[in-house]
Amino acid sequence: MGTYAIYLMAAPLAAHDRLAAAVSSEFGAGLIHGLYWVFPKTVELGKAVMALVAPVEARHGLENAFTWSPFLTTGAFGLVCLGLACVLFSRKDF
């Protein structure tokens with residue numbers, strides 16, 4: 001359930017600039033930007049993969065979609081989750 005919740009939370013954050021502009025406080029905008037950089041970027045990963053594998057005719061609007069930041073930040077999120085899981089698992093007494 002946690003994985004699905006993270007996926008649903010990360011999808012709207014793809015429009016973090018528009019969400020932050022709609023919030024009335026500076027704290028709320030900072031929180032939205034912070035959450036954007038913490039959670040995995042599933043939408044950006046999908047666009048980047050489509051930009052890599054799609055034929056030239058099907059790349060309408062995806063010309064500048066490939067960047068390394070979604071891969072790096074999502075990989076960092078995965079490594080942190082794996083590290084926390086290892087710490088929690090090592091504390092279990094079987």
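Quick notes on this one:
- Meets criteria (under 19 Å from Val80 (Cβ atoms), aliphatic (A, V, I, L, M) and surrounded by 10 or more Cβ atoms within 10 Å (Cβ to Cβ)) for Ala22: no
To keep it simple, each residue is scored yes or no on (1) surrounded by 10 or more Cβ atoms within 10 Å (Cβ to Cβ); (2) of a type outside the set (Val, Ile, Thr).
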site	(1), (2)
Tyr4	no, yes
Gly28	yes, yes
Leu35	yes, yes
Pro40	yes, yes
Val43	yes, no
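- Test result for Leu88, at pLDDT 80 or above, under 17 Å from Thr3 (Cβ atoms) and surrounded by fewer than 10 Cβ atoms within 10 Å (Cβ to Cβ): yes
The values are calculated or read from the model by the stated rules, or taken from the named source; none is laboratory data. Worth saying up front: this structure is predicted, and the values here are computed from it rather than measured. Every residue, glycine as well, gets a Cβ built from its backbone with ideal geometry; the counts of neighbours run over all protein chains shown.
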